[in-house]
Structures are given as structure tokens and as C-alpha cells.
Amino acid sequence: MEPVVFGRCVFKDKTILTPLKIDSTLMLLCSDICSRLNELEVGAFEMTYLVSDDPPCLLETDLDMRVMYLSLMTKKKYTVTIAIKECLLSEKQNGVDDVFGGDEVVNYQSKFEVEILTEGFN
């Protein structure tokens, strides 16, 4: 049985503790964080972690999760602080364009809103 590491996830003035294993995925961690910190949504924040005196490392992939875990095991550390920073995404960065066909939908929506706004003035 592999040792469990505890992630101390810090967001603004809130801290939660979550167990992490060698096979923990980024999505599992993100889902756990979002279920306990209701103001966060999966994909709308970034995470960094610190191991001892090393520089902060981004936590963006499952590989990053494994590297973090193995780094902690190598240094015999069983707790890691994970800093959570909320990201403000523009419309183009949040995946809306990929799902709905890009600028065409945004332009159609803008035209539709203009028609509604000017409808009562003609």
C-alpha cells in the first residue's frame, strides 16, 4: 500500500485538506476542490505547489500530479501546499468557440441583441 499525501489546498481565506495517492488524477483533485469550494468551477482556476525549497510548480496535468507525489516521497514529505488562483477566461479561451462554431455565433448573438434593443424604437 502506497503512502497517502495530504494536499493542503488554499484559496483566498479558505483551506481544505484532501488525500492524494500515486494514481490520483488532476480531474479528481479539481472535482474534489470544486465540490468543497462552491465558488470555483473546474477549469476556471490554476494550481501551483511547493515542495521544500524548490520553486513553485504548476499543476496542470496528470503527469504533474505524479511528479508532485514522487517528489514528496523522495523528500519524505507527506503534506503539500497547493495554492489555487482563480482565472478569468475570455470568451475565446473558455471553449465556447470550439463548441459553437467560433465568431459566427458571437456575431449572430450580437446582431440579435441589437435587433431586440432597437425593435421598440422603429
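The values are calculated or read from the model by the stated rules, or taken from the named source; none is laboratory data. Not measured: the values here are computed from a predicted model. Here the Cβ is made from the backbone with ideal geometry for all residues, glycine too, and neighbour counts use every protein chain on show.
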Scanning region 21-47 for residues that are in contact (Cβ under 8 Å) with a residue 12 or more places away in the chain and in a helix (DSSP H, G or I), the one farthest from E60 (Cα to Cα) turns out to be R36
The lone condition L17 fails out of (1) under 12 Å from the mean Cα position of the chain (by Cα); (2) assigned to a strand (DSSP E or B) is (1)
Can you tell me which residue in region 36-59 is surrounded by the most Cβ atoms within 10 Å (Cβ to Cβ), limited to those that are of a type in the set (D, E) and more than 19 Å from I16 (Cα to Cα)?
D54
Every residue from region 20-37 that is of a type outside the set (K, R) and out of contact with any strand residue (DSSP E or B) (no Cβ under 6 Å at 6 or more places or on another chain)
I22, D23, S24, T25, L26, M27, L28, L29, C30, S31, C34, S35
Here is a list of conditions, (1) of a type in the set (A, V, I, L, M); (2) more than 18 Å from T18 (Cα to Cα); (3) at pLDDT 95 or above, and L89 meets all of them except one; can you say which number that is?
(3)
